[in-house]
Amino acid sequence: MGRRENALDTTVPARAELASFLRTRKDTANLTHEQIAARTNGAASRATLCRATSGATVPPWHTVATFVEATTTEMEEFFESAEVAMARALELWIRARRATRAPYYIHKAPDPTLIWDVADFSRALRAQHVWAGYPTPGEMERMAGPGELPGTTIRRIIKGSTLPVDPQQTLAFLKACYVITPGEHQLWLAAALRAFRRSPERTKDVTVWEKVHDKLHTQLHPSHDATPPPLLRVAA
């Protein structure tokens with residue numbers, strides 16, 4: 001029989017919810033921390049897994065993902081619901097990071113439809129970074145993919161001293177902040193268009209952004225007119 005698990009630390013509710021989710025997966029799979037550690041082939045030790053389910057800290061994402069993979073049940077495999085469990089784990093992990101890292105005044109994700117100028121765009125990108133739980137530049141660089149988003153650029157965007165240089169860099173930044181669906185990307189690209197059309201310094205870049213935005217719109221709405229809605233084409 002495995003060792004008795006310590007009481008859950010509920011000091012930070014969001015952190016406790018993540019730990020409780022992992023504990024439930026462990027119990028449902030009828031596994032001990034030692035057995036889960038063995039299933040990870042050295043990717044996570046028993047001590048690491050115990051910390052992840054303690055509620056006293058927010059574990060790294062790779063630890064959470066490893067835990068979920070190692071506790072996947074035959075039922076989940078049969079119904080192909082393992083991806084749902086992983087998505088739930090990511091949601092809880094981001095909430096826990098936000099609760100322990102983000103400023104108290106950030107109450108919801110930024111709404112790109114409210115972006116109207118360059119200043120709005122910059123603030124919204126920084127707010128999205130906070131809402132994602134303050135991922136570090138190193139974490140974001142890895143999330144974005146090799147060569148997509150340099151750490152120096154990430155730091156400058158987070159500080160508000162620069163904006164992404166092109167649509168690809170914007171999408172890489174958003175991906176690193178867990179904005180990943182094509183529909184969300186279209187809204188952010190439309191917001192960039194509105195902002196840049198009102199900025200004399202950025203109007204020369206508009207054509208590039210339009211092409212990427214329109215291509216994404218066509219992919220999302222292949223059976224409709226490829227022309228984006230009029231609201232997205234409002235001129236300065």
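The values are calculated or read from the model by the stated rules, or taken from the named source; none is laboratory data. This is a predicted model, so every value here is computed, not measured. Every residue, glycine among them, receives a Cβ derived from its backbone with ideal geometry; neighbour counts consider all protein chains shown. Only protein heavy atoms, including side chains, enter the accessible area calculation; ligands, DNA and RNA are left aside. Shrake-Rupley method; radii C 1.70, N 1.55, O 1.52, S 1.80 Å.
Rundown of residues vs (1) crowded, with 17+ Cβ neighbours inside 10 Å; (2) within 17 Å of the chain's Cα centre (by Cα), yes/no style:
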| position | (1), (2) |
| --- | --- |
| 44 | yes, no |
| 47 | no, no |
| 80 | no, no |
| 84 | no, yes |
| 96 | yes, yes |
| 101 | no, yes |
Open item on the list: Among the residues of region 103-118, what is the count of those that are surrounded by fewer than 19 Cβ atoms within 10 Å (Cβ to Cβ) and assigned to a helix (DSSP H, G or I)?
Closed with: 3
Task: Among (1) touching a Ser or Thr at 6+ places or on another chain (Cβ under 6 Å); (2) surrounded by 22 or more Cβ atoms within 10 Å (Cβ to Cβ), the one test that residue 167 misses - done: (1)
Open item on the list: Considering only residues that are outside any loop (DSSP other than H, G, I, E, B) and open to solvent by 30 Å² or more (accessible area, probe 1.4 Å), which ones fall in region 186-216?
Closed with: 187, 197, 203, 204, 205, 207, 208, 210, 211, 212, 214, 215
Open item on the list: Being open to solvent by 60 Å² or more (accessible area, probe 1.4 Å), modelled with pLDDT of 95 or more and either of a type in the set (Phe, Trp, Tyr) or within 23 Å of residue 204 (Cα to Cα) (or both) is the filter here; which residues of region 119-164 pass it?
Closed with: 123, 156, 161
TODO: Please go through region 56-78 and pick out each residue that is in a loop (DSSP other than H, G, I, E, B) and more than 21 Å from the chain's Cα centre (by Cα).
DONE: 56, 71, 72, 73
Open item on the list: Considering only residues that are at pLDDT below 95 and either aromatic (Phe, Trp, Tyr) or touching an Asp or Glu at 6+ places or on another chain (Cβ under 9 Å) (or both), which ones fall in region 1-36?
Closed with: 2, 3
- [ ] Could you pull out the residue among 37, 19, 44, 89 that is touching a Phe, Trp or Tyr at 6+ places or on another chain (Cβ under 9 Å), small (Gly, Ala, Ser) and in a helix (DSSP H, G or I)?
- [x] 89
Open item on the list: So, residue 91, is that one without any contact (Cβ under 8 Å) to a residue 60 or more places away in the chain, of a type in the set (D, E, K, R) and under 22 Å from residue 184 (Cβ atoms) or not?
Closed with: yes
